[in-house]
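First the structure, in the form of structure tokens, and then the observations on it.
The values are calculated or read from the model by the stated rules, or taken from the named source; none is laboratory data. This structure is a prediction, so every number in the text was calculated from the model and none was measured. Please note: Cβ atoms are built from the backbone with ideal geometry, for glycine as well, and neighbour counts cover all protein chains shown.
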Amino acid sequence: MMKLNRRWLLLILGLAIVLIVDFPIITVILNSFRTTETIVSSHSILPTEPTLANYLFINTRTHFWTFLLNSMIVAFASSALAIVLSALAGFAMSRYRARILGGYNQALLIVQMFPLILAIIPLFIFFRNLNMVNNFTPVILVYTVTQLPFATWMLRSYFDSIPRELDEAATVDGCSPLRAFVQIILPLTAPGFVAVAIFSFLFSYNEFFISSVFLRDEDRMTMPVGIQSFMQQYSTDWGSLMASATLGMIPTLILFFFIQKYMVTGATAGAVKG
Amino acid sequence: MALKVDQRLQAGLPAVTQTVKASFQPLPYLLLLPSLAIIFIIEFYPFINGVSFSFHKGTLLGTGAFVGLGNYLRLFNSPSFYHSLWFSFIFAFFNVLVSYVLGLALALFLNLDFPGRGFCRVALLVPWIVPAVVSIVSWKWLIADRGGLVNILLGSVGVGPIYFLSDSGWAMVAVIVIKIWRSFPFMMLSLLAALQVIDKTLYEAGRIDGANRWQMFWNVTLPHIKNISIIQAILMIIWSINDFETPYLLTQGGPSNATENLILLSYRYTFGRNDVGLGSAVAILTLILLMVLSTVMMRQQARIA
């Protein structure tokens, strides 16, 4: 009996902690249904007279849907590219022993700590000279590289979990190593692939810095850059800002819900040592 | 010179030496080729350019005269540089320290057995997963001078307003607090993962031996999470020093550059003042700082572990 009470008390404590920690996110959603006048004057955060006015404003007066579409394009392309590249490299690291593989692992460590600003300065000049500012290509390429370390390490650990004997048996039967990879390892690690793909999609979708350097025209901006430009344009129009922020995080929250059980592997992938 | 089997296992090598020396295999090299190519184009080649820029005068439109260490000397004589170096340090220091304490406390909590802990775990990861710009919109309102919730509430008890974003001291506190809020879930998640794999029988053995909770935490839990703690702390220091989004979106480095870290300083020199040489020099120094820090910490880790 005592034991049962303790467990329910822990649940209440847990919910209280969640409420405090997620308070800023909850207020974004609640405020998006309130007019700016009530947001800046009321002591309560609950929408007593809920309104969709902010969303109508976002829909009719801004390019928000363009921002969202641009984010989707960039995130989709970079996660697709990252997953292909890191699957190949991760497979090599999982199944082969060659001196270059250790070196490559070191290179990934350096990529992970590399201050992006250092690459961004020359890349901005380089792509500007190619007339590729406001073009998605540089952004997609930079996102891909920044995702290689965790994606490679994560996929490698999934491949490691598949017994070598399986693909060795196939190679003995005359299957080429790549075919064994595609036909045997890939299907077995499919859930891992989905998780890594969604991780890297989320990273690109959420990212602000690189997009803000390269994508400066309004019809090219991604969602975070677009909302930041709203922050400068409508700095005190909290209602519309909150509505755009709410819409902006919906894709993140949905995808997050699907991969949350893989989060642990993702968070510790950086800790995997070669 | 064959190592003993258990030595080999410790070193992470397979227990049995493969005696058949395979002939040269081109496949691993081919598999790495695409990744290496893109890393070369997107990071290595720009890095070489960046080193060269840092030794030249230059704007975004073109590189000018060679100035040797001129840009670096200008930085070493500039208070802005020392301020952003200092701010980067305290930003990283407090972020890692507080995120670790909070993350460990919450991981220990989530490791207890109670209904709904799965939900709590997911819900506590939300600050880490939402786009920075979304949380900054919210925080900006919460701590706004006029109309922000904190100041409305303070006002109703006759205090304030506190100018969180226009007072240098408060702005630094705000940037650090919001960064902690955005990063502790990562620490919590990895520590929870480490806690969940600790063998439960160790605690039972401890209980039989009459150890109290504190002794079990100190002698069983901590040694098991030491390695992951050190590695994640190193990662978090690196990420904190490299953070652009939190300070830029919240304060753009202001007021009067109080919350400008090294990355923002490099950004301002390059894109604000159009001084590519100086901006690159800051970025190179940041990279050197990161490499030194992580090497020292890895060494330290190797000694402890």
Subject >> Filtered residues of the range B:251-289 (kept if more than 22 Å from B:Ala174 (Cα to Cα), more than 11 Å from chain A (Cβ to nearest Cβ) and in contact (Cβ under 8 Å) with a residue 40 or more places away in the chain) >> reply: B:Asn274
Original post:
A:Thr48 passes all but one of (1) part of a loop (DSSP other than H, G, I, E, B); (2) in contact (Cβ under 8 Å) with a residue 40 or more places away in the chain; which number fails?
Top reply: (2)
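Table: residues versus (1) over 25 Å from A:Leu253 (Cβ atoms); (2) surrounded by fewer than 22 Cβ atoms within 10 Å (Cβ to Cβ).
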| residue | (1), (2) |
| --- | --- |
| A:Phe136 | no, yes |
| A:Val145 | yes, no |
| A:Arg156 | yes, no |
| A:Leu166 | yes, yes |
| A:Pro191 | no, yes |
| A:Ser200 | no, no |
| A:Glu218 | yes, yes |
| A:Met223 | no, no |
| A:Asp237 | no, yes |
Original post:
Would you say A:Pro122 is of a type outside the set (D, E, K, R) and within 12 Å of chain B (Cβ to nearest Cβ)?
Top reply: yes
Original post:
Taking B:Val292, is it surrounded by fewer than 18 Cβ atoms within 10 Å (Cβ to Cβ), within 13 Å of another protein chain (Cβ to nearest Cβ) and assigned to a helix (DSSP H, G or I)?
Top reply: yes
Original post:
Hey, among A:Phe76, A:Phe57, A:Phe91, A:Phe64, which residue is modelled with pLDDT of 95 or more and not hydroxyl-bearing (Ser, Thr, Tyr)?
Top reply: A:Phe76
Original post:
So which pairs qualify, if the first residue must be in the range A:190-213 and touching a residue at least 24 places away in the same chain (Cβ under 8 Å) and facing another protein chain (nearest Cβ under 8 Å), the second must be of a type outside the set (Phe, Trp, Tyr) and not in a helix (DSSP H, G or I), the Cβ gap must be under 6 Å, and the two must be at least 6 apart or on different chains?
Top reply: A:Asn206/B:Pro131
**OP:** Give me a count of the residues in the range B:228-244 that are modelled with pLDDT under 90 and within 8 Å of chain A (Cβ to nearest Cβ).
**Re:** 4
Original post:
Considering only the range A:55-93, how many residues are surrounded by 20 or more Cβ atoms within 10 Å (Cβ to Cβ), in contact (Cβ under 8 Å) with a residue 24 or more places away in the chain and assigned to a helix (DSSP H, G or I)?
Top reply: 19
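Given the range A:160-256, what helices (runs of 4 or more DSSP H) lie entirely inside it while holding 2 or more residues that are modelled with pLDDT of 90 or more and either more than 30 Å from B:Phe119 (Cα to Cα) or not small (Gly, Ala, Ser) (or both)?
Details: elements: A:164-172, A:177-180, A:190-206, A:209-214, A:223-233.
Those helices (runs of 4 or more DSSP H) span A:190-206, A:209-214, A:223-233.
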Original post:
Of all the residues that make up the range B:101-131, how many are away from chain A (no Cβ under 12 Å) and buried (at least 20 other Cβ atoms within 10 Å of the Cβ)?
Top reply: 1
Subject >> Every residue from the range B:83-100 that is over 15 Å from the mean Cα position of the chain (by Cα) and either among the hydrophobic types (A, V, I, L, M, F, W, C) or surrounded by 18 or more Cβ atoms within 10 Å (Cβ to Cβ) (or both) >> reply: B:Ser84, B:Leu85, B:Trp86
**OP:** Find the helices (runs of 4 or more DSSP H) located wholly in the range B:178-248 whose residues include 3 or more that are among the aliphatic types (A, V, I, L, M), and list them.
**Re:** B:200-208, B:222-241
